Structure formats: C-alpha cells, structure tokens
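The values are calculated or read from the model by the stated rules, or taken from the named source; none is laboratory data. None of these values were measured; they are calculated from a predicted model. Because the Cβ atoms are built from the backbone with ideal geometry, glycine has one as well, and the counts that use them run over all protein chains shown.
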Amino acid sequence: MTVARFYEMRAVEGKQADLEDALRNLADCARSLAGCEGVELLRDAADEGHFVLIEKWVSADVHKSARAAFPNETVAPAVAAMASQNSAYLDYLKTL
C-alpha cells in the first residue's frame, strides 16, 4: 500500500536558501531510489523559512530501508540548516 512520508521543516534564521538547496538535493536523491513514487517540495508562500516535503513510497518498510541509501553529504547540509522538523507516515485515502 502506497504511503506518504510527510516532513514539515523550519530553517535556521538566515539559512532559508541553504535549506531549500539541501531539500532539492534530498528530493532528487529520493526520486532515484527504488520504491519512491514521487517527491513534492513546497515552501510556505507567506513564510520563506517554512518547508514541506512529501515523499510517496510503495510502503513504509521500503522507505525505512531506503534511508540508508541517502549519502551523508546530501543529508548533512539539510540538518545544518534546519531549526526544527516534524514528520509522519500518512496513508492515502480514497476520495468519493
């Protein structure tokens, strides 16, 4: 069953562009991994330091296994520019 991995992040003050660049690189990396069905990166229109990243995976287990494939040189810049992060696995619901 397809799941979404939802991340909500806030940039360190003055590091908004750094976080955006790092998230773009992470999104590109995720798209290249087996089991990833897509990635969306969004920035709050009213707050340039607030980002949302949504990854679509074939399953939560596949996502958990894929985390090890993200190179540290891709992850570290995002961590350095991030003031806070919340994340969750979300199920897609059928719409009527």
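Here are the numbers for the structure shown:
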| quantity | calculated |
| --- | --- |
| Residue within segment 76-87 that is at pLDDT below 95 and touching a strand residue (DSSP E or B) at 6+ places or on another chain (Cβ under 8 Å) present | no |
| Residue in segment 69-77 that is surrounded by 17 or more Cβ atoms within 10 Å (Cβ to Cβ) and among the aliphatic types (A, V, I, L, M) present | no |
| Members of segment 38-59 found to be over 16 Å from residue 88 (Cβ atoms) and loosely packed, with under 14 Cβ neighbours inside 10 Å, listed by number | 38, 44, 45, 46, 47, 48 |
| Tally of residues being within 21 Å of residue 3 (Cβ to Cβ), part of a strand (DSSP E or B) and not aromatic (Phe, Trp, Tyr) across segment 70-91 | 6 |
| Among (1) under 17 Å from residue 8 (Cβ atoms); (2) surrounded by 15 or more Cβ atoms within 10 Å (Cβ to Cβ), the one test that residue 25 misses | (1) |
| Residue match in segment 70-81 (condition: in contact (Cβ under 8 Å) with a residue 12 or more places away in the chain and among the β-branched types (Val, Ile, Thr)) | yes |
| Qualifying residue in segment 1-19 (condition: modelled with pLDDT of 95 or more, part of a helix (DSSP H, G or I), crowded, with 18+ Cβ neighbours inside 10 Å and touching a strand residue (DSSP E or B) at 6+ places or on another chain (Cβ under 9 Å)) | yes |
| Members of segment 43-69 that are among the aliphatic types (A, V, I, L, M), part of a strand (DSSP E or B) and within 19 Å of residue 80 (Cα to Cα) | 52, 53 |
| Matching residues, segment 28-37, being in a helix (DSSP H, G or I), surrounded by fewer than 18 Cβ atoms within 10 Å (Cβ to Cβ) and either touching a residue at least 60 places away in the same chain (Cβ under 8 Å) or in contact with a strand residue (DSSP E or B) (Cβ under 7 Å, 6 or more places away or on another chain) (or both) | 31 |
